[in-house]
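Note sheet for the following structure.
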């Protein structure tokens with residue numbers, strides 16, 4: 001287990017370093033960053049001064065090395081638009097995005113696990129087709145459109161939920177539903193396929209032959225083994241939910257990383273954009289590593305292989 005952990009940890013560090021280099025290169029994707037920071041109509045002398053001030057006149061490798069060294073010391077730079085240090089600014093917004101991501105993942109699992117189990121038990125029946133229809137609808141319906149439908153229903157028609165903001169748990173209900181329903185179909189299909197495979201296994205037939213209650217057979221024996229691939233998918237989906245919350249946070253005006261990313265892109269705040277991309281990527285890598293460890297703990301065959 002220790003060797004497996006060290007191997008996966010080394011791979012995660014290499015991926016994180018690669019992502020950090022790509023995040024730094026984002027500064028140069030849209031052209032000369034000195035021109036973007038100087039603003040439209042800036043004189044050549046002003047652009048050159050900005051280039052020297054931020055060190056854009058040095059080789060990219062040197063710039064990246066200095067930037068990475070500052071990151072490791074906790075110096076994330078200063079926001080061009082907000083005129084404040086990036087570290088406390090991002091840390092303040094991260095909590096909102098993490099709450100939204102966790103709530104969305106919980107909604108996705110609450111929807112997908114019962115539907116996947118029901119579809120597997122009554123496969124090829126109207127129950128199966130209904131569950132698959134709900135999953136197809138969730139994947140086909142854009143989350144921003146579903147968010148607007150929720151807003152019209154719960155905020156405008158019934159007036160039971162706030163339309164925007166992040167001051168209380170009620171503000172997270174509709175955003176979590178919009179993101180969670182979009183992520184649920186992937187879980188549902190995986191659980192359905194895993195349950196169908198497990199329910200035909202010999203040990204399930206043996207458990208039924210011993211007279212165990214159907215609920216015990218399904219939830220204690222079948223679902224426990226079918227849920228193993230879902231752990232890895234949950235980590236991937238949580239990273240997707242954190243990174244894909246830009247549109248939802250903008251629609252509901254949630255004061256999180258997604259809305260901060262939207263503001264940074266709109267105002268060409270390059271230091272904040274870099275840190276947000278890097279932070280979400282590192283979180284994604286850490287979640288994937290945690291999923292690998294959880295799978296290895298749940299299924300010893302993985303770490304033995």
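Odds and ends about this structure:
- Test for residue 165: is it at positive phi and either touching a helix residue (DSSP H, G or I) at 6+ places or on another chain (Cβ under 9 Å) or assigned to a helix (DSSP H, G or I) (or both): yes
- Those residues of segment 69-86 which are surrounded by 15 or more Cβ atoms within 10 Å (Cβ to Cβ) and in a helix (DSSP H, G or I), in sequence order: 71, 86
- Residue count for segment 118-130, restricted to those that are out of contact with any helix residue (DSSP H, G or I) (no Cβ under 6 Å at 6 or more places or on another chain) and either crowded, with 18+ Cβ neighbours inside 10 Å or farther than 16 Å from residue 204 by Cβ (or both): 5
- Residues that are surrounded by fewer than 19 Cβ atoms within 10 Å (Cβ to Cβ) and either modelled with pLDDT of 90 or more or in contact with a helix residue (DSSP H, G or I) (Cβ under 6 Å, 6 or more places away or on another chain) (or both), drawn from segment 135-144: 139, 144
- Among the helices (runs of 4 or more DSSP H) confined to segment 226-293, the ones with at least 1 residues that are modelled with pLDDT under 80 and buried (at least 19 other Cβ atoms within 10 Å of the Cβ) are located at 228-243.
Let's see how each residue does on (1) over 25 Å from residue 262 (Cα atoms); (2) touching a residue at least 60 places away in the same chain (Cβ under 8 Å):
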| site | (1), (2) |
| --- | --- |
| 10 | yes, no |
| 26 | no, yes |
| 56 | no, no |
| 80 | no, yes |
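- Qualifying residue in segment 204-227 (condition: closer than 28 Å to residue 166 by Cβ and in contact (Cβ under 8 Å) with a residue 40 or more places away in the chain): no
The values are calculated or read from the model by the stated rules, or taken from the named source; none is laboratory data. Everything numeric here is computed off the predicted structure, so don't read it as measured data. Every residue, glycine among them, receives a Cβ derived from its backbone with ideal geometry; neighbour counts consider all protein chains shown.
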